[in-house]
Amino acid sequence: MNSPKRFVLTNGVIAIASAGLALVVYGAIRFPSSLASARAPFVMSMIGLLGYVIAGVVARRAPIRIQSALDLGGALGLALAAAGILNHTLEVAVQLPSPIGAVLGPGMWGLMFLGFSTACSGTVVRSESVGSGLLASVWCGLVYAGVLVVFALALGFLFMSHMEQILGGLYEASGMNDPGAFVTRHLVTNASSHIFVAPLIALAVGGVSALACVLLRSIPRGTAIVLSVVSAMLFVAGATSIQIGESLARAQRPPFIQFGLTALAITLASAHPLLAAVRRRVSA
């Protein structure tokens, strides 16, 4: 039997992606100078959002055997989108103290890694299908990115004057003559990257999570506990590296930020598989 939840989510993805297409077209028509020398973000955004529409149509007609993967991935994607909307709203509407701002960015990355990996590993544990797990992770990333992109575009166009103030310094250095066009280009450029990058990150994190599920499937409980401790230590090292990087000059940050995000991705991608391995040995 088909899940009503799945139809709600798939129809929602189709509607959200269609709204995103409409917003991108609106920006191009309302601020035509935003297209000057920068048509690629608009074209890529439209192609990506059209792909989201197609993905929603295909998911709505998907076989029942992958229904639970779509349900779990969609639910986690919506949860991540809610956190992303809150994070974006705070960044736009509130002048946050530097320490809080330094925590929100890595915190959102951590939530993404955890959400993508849980979608995959939760599906693999239940279905023992790596393919279904990867599908759940990618669907999670797609739902998350679609909702967040449409919200960010709508918020930017609705509060255009406020966005012009926020981006005033970048606008002055851009050489453009229309601040609204600059904001539109900025919004669409960010949207185009999120549309493609989020599902790819979800696939990569899901792959790590699926590999962890396979490797941890038959290990002793004691080994699982030791690996959990090592993972926790790596998580602390990664978080510390990001914190140190945020305190340095921009040119000195990349090695610390890259190591920190990689450490967070590995530890959070393996968190649910490790927990499942420990709990499975307890119940065995």
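The values are calculated or read from the model by the stated rules, or taken from the named source; none is laboratory data. Remember, predicted model here, so these are calculated numbers, not experimental data. Cβ: placed from backbone, ideal geometry, glycine included. Neighbour counts: every protein chain shown. The area values use the complete protein model at the heavy-atom level, side chains included, leaving out ligands, DNA and RNA. Shrake-Rupley method; radii C 1.70, N 1.55, O 1.52, S 1.80 Å.
Just a few scattered comments:
- Share of alpha-carbon pairs per 5 Å distance bin for the chain, given as whole %: 1, 6, 11, 14, 15, 16, 13, 11, 7, 4, 2, 1, 0, 0
- On the stretch 17-124, 74 percent of the accessible area sits on carbon and sulfur atoms, based on a 1.4 Å probe.
- Once the chain from LEU96 to GLN165 is taken as fully extended at 0.36 nm per residue, the excess over their C-alpha distance is 23.2 nm.
- Calculated FRET value between LEU215 and ARG279, using beta carbons and R₀ = 22 Å, to 0.05: 0.85
- Legend: calculated FRET efficiency, LEU200 to LEU50, from the Cβ-Cβ distance at R0 = 22 Å, rounded to 0.05, equals 0.80.
- Considering only the Cα atoms of the stretch 197-284, their convex hull presents on average a projected area of 6.2 nm².
- Each peptide in 246-252, 188-194, 161-167 was scored by the mean count of other Cβ atoms within 10 Å over its residues; highest first, the order is 188-194, 161-167, 246-252.
- Shape summary: the stretch 99-217 maps onto an equivalent ellipsoid whose semi-axes, from the alpha-carbon gyration tensor, are 37, 14, 11 Å in decreasing order.
- Comparing TYR52, TYR171, TYR144 in a Gaussian network model of the chain (Cα springs below 10 Å), the most mobile by mean-square fluctuation is TYR171.
- In this Cβ point-charge picture (+1 for Lys and Arg, -1 for Asp and Glu), the stretch 163-284 has a dipole of about 880 debye about its Cα centre.
- Accessible area in square angstrom per residue, the chain, 1.4 angstrom probe: 50
- Mean-square fluctuations from a GNM of the chain, with a 10 angstrom spring cutoff on Cα atoms, peak among PRO32, PRO179, PRO97 at PRO97.
- Angle between the chain longest axis and helix 179-215 axis [Cα atoms, degrees, rounded to 10]: 10
- Relative contact order of the chain, pairs being alpha-carbon contacts under 8 Å that are 6 or more residues apart, as %: 23
- From largest to smallest, the equivalent ellipsoid semi-axes obtained for the stretch 24-76 from the alpha-carbon gyration tensor read 34, 10, 9 Å.
- Sites ALA237 and ALA173, calculated FRET efficiency, Cβ-Cβ separation with R0 41 Å, nearest 0.05: 0.65
- The radius of gyration of the Cα set in the stretch 23-169, together with its Dmax, comes out at 17.9, 52 angstrom.
- Portion, in percent, of the accessible area of the stretch 162-284 that falls on carbon or sulfur, probe 1.4 Å: 67
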